[in-house]
Amino acid sequence: MTCFYNSFCKHPHEVGMTYMEHMFFSCNLSVRFFCASIQACIHSIFPSLFETSSTDYANNISEIIESVHI
């Protein structure tokens, strides 16, 4: 049981979430990181596209993480 707890539940509980809350929160962030990555890649080829998207995503993701840890 301890191995299961340490593998799946310890970290979520340390940040004040259940396993499921943490899973959905992390999946949501991963989608945002994926979208930001695609836009940054497009921006690297076409600099006039998505000029502020990396900064916008970074600020948005930072706000989301901070709102959970308040």
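Its relative contact order, with pairs defined as Cα atoms under 8 Å and 6+ residues apart, puts the chain at 22 percent. Pairwise Cα distances in the chain exceed 14 Å for 67 percent of all pairs. Net charge of the neighbourhood of R32, taken over other residues with C-beta under 14 Å away and scored Lys/Arg +1, Asp/Glu -1, is -2.
Modelled this way, with points 7 Å down the Cα-to-C-beta line, the labels at H13 and R32 are 2.7 nm from one another. Projecting label points 7 angstrom from Cα along Cα→Cβ for L49 and C3 puts them 4.8 nm apart.
If I fit a long axis through the Cα atoms of helix 19-45 and take the longest principal axis of the Cα atoms of the chain, what angle between them do I get, 0 to 90°, rounded to 10? Approximately 20 degrees, to the nearest 10.
The accessible surface of the chain, taken with every protein chain in place and a 1.4 Å probe, is 66 percent carbon and sulfur.
Over the chain, DSSP H runs of length four or greater, each weighted -39,500 (n - 2.57), average out per residue to a 222 nm ellipticity of -22500 deg cm²/dmol. Solvent-accessible surface of segment 1-53, taken per residue with a 1.4 Å probe and all protein chains present: 77 Å².
Calculated FRET efficiency, E66 to M23, Cβ-Cβ distance, R0 = 35 Å: about 0.95 to the nearest 0.05.
The values are calculated or read from the model by the stated rules, or taken from the named source; none is laboratory data. Small disclaimer: the values here were computed from a predicted structure and weren't measured. In this analysis, Cβ positions are derived from the backbone assuming ideal geometry, glycine residues included, and neighbour counts consider all displayed protein chains. All accessible areas refer to the heavy atoms of the entire protein, side chains included, with ligands and DNA or RNA removed. Shrake-Rupley method; radii C 1.70, N 1.55, O 1.52, S 1.80 Å.
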